[in-house]
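First up is the structure itself, then whatever we jot down about it.
The values are calculated or read from the model by the stated rules, or taken from the named source; none is laboratory data. The model shown is predicted, which means the values in this text are computed figures rather than measured ones. Because the Cβ atoms are built from the backbone with ideal geometry, glycine has one as well, and the counts that use them run over all protein chains shown.
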């Protein structure tokens, strides 16, 4: 039985004190959320340790927004998977469209990052999705299939128990545009099929697939009602605890 997850990706927002207060506000309202919905906050690296102290012993999970593609060494400015675990992380986001677009992250690099993250005991939220040109050219299925195959096909069915997929229509991130619930469901179902082709129907059915394109309280209920949408990777709306909880309550 796959999990419903609502994960907040704070991106490069909030100071450390602001992040602590935001985490406290999420924890304070977390009891309102049904037990079958997992809440996760993904914070900047600087916030991880103090936010870990806030969420410790609560139902709220902690994620990083990225991790390095090396275990350790002379890689100034990088943060390893083991460092994340030592700071209290349970999850890390990998392959977010902004990392791909602005920092040139490739599928090959994401294979290395995923290996290191899983090896350190982290669960991975792997992002896939197409940009506007690819969507308008009708290549969205091809793009998502390639990203899934290039990364996840390097892992085992056992590894897949620790992997979550987030579908990001890149054209809908931060633009106010949202894929219709039908468009989102179509691609989520397709991703599940691509996973089933490699790992079998059971692994695919157990896989949590999140929607990551401008999900907010006003559209979450319609999106989450779709059979293959298991929650959301929330950007801007996760920076207000009330909006973030409202999205979780859409289940």
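When the test is whether a residue is under 27 Å from residue 20 (Cβ atoms) and either crowded, with 20+ Cβ neighbours inside 10 Å or free of Cβ contacts under 8 Å to residues at least 12 places away in the same chain (or both), residue 114 does not pass it. Among the residues making up the range 179-207, those that are surrounded by fewer than 20 Cβ atoms within 10 Å (Cβ to Cβ) and outside any helix (DSSP H, G or I) are 180, 200. Here's a check for you: in the range 217-227, which residue that is in contact with a helix residue (DSSP H, G or I) (Cβ under 6 Å, 6 or more places away or on another chain) and surrounded by 20 or more Cβ atoms within 10 Å (Cβ to Cβ) is nearest to residue 158 (Cα to Cα)? For the range 217-227, the residue satisfying everything is 223.
Can you confirm whether the range 154-174 contains a residue that is over 28 Å from residue 10 (Cβ atoms) and outside any loop (DSSP other than H, G, I, E, B)?
So far as the range 154-174 goes, no, none of its residues is over 28 Å from residue 10 (Cβ atoms) and outside any loop (DSSP other than H, G, I, E, B).
Any residue at all in the range 68-75 that is over 25 Å from residue 118 (Cβ atoms), surrounded by 15 or more Cβ atoms within 10 Å (Cβ to Cβ) and in contact with a helix residue (DSSP H, G or I) (Cβ under 9 Å, 6 or more places away or on another chain)? No, every residue in the range 68-75 fails to be over 25 Å from residue 118 (Cβ atoms), surrounded by 15 or more Cβ atoms within 10 Å (Cβ to Cβ) and in contact with a helix residue (DSSP H, G or I) (Cβ under 9 Å, 6 or more places away or on another chain).
Kindly establish whether residue 150 is surrounded by fewer than 20 Cβ atoms within 10 Å (Cβ to Cβ), touching a residue at least 12 places away in the same chain (Cβ under 8 Å) and farther than 16 Å from residue 100 by Cβ. Considered against the rule, which asks whether it is surrounded by fewer than 20 Cβ atoms within 10 Å (Cβ to Cβ), touching a residue at least 12 places away in the same chain (Cβ under 8 Å) and farther than 16 Å from residue 100 by Cβ, residue 150 comes out as no.
Starting from residues that are buried (at least 20 other Cβ atoms within 10 Å of the Cβ) and either touching a residue at least 40 places away in the same chain (Cβ under 8 Å) or not in a helix (DSSP H, G or I) (or both), keep the ones in the range 39-59 and report whichever is farthest from the chain's Cα centre (by Cα). Selected residue: 48. In the range 89-112, the residue that is farthest from residue 131 (Cα to Cα) out of those that are out of contact with any helix residue (DSSP H, G or I) (no Cβ under 8 Å at 6 or more places or on another chain) and assigned to a helix (DSSP H, G or I) is 112. Inside the range 127-138, residues that are more than 18 Å from the chain's Cα centre (by Cα) and either modelled with pLDDT of 95 or more or within 20 Å of residue 110 (Cα to Cα) (or both) make up a count of 0.
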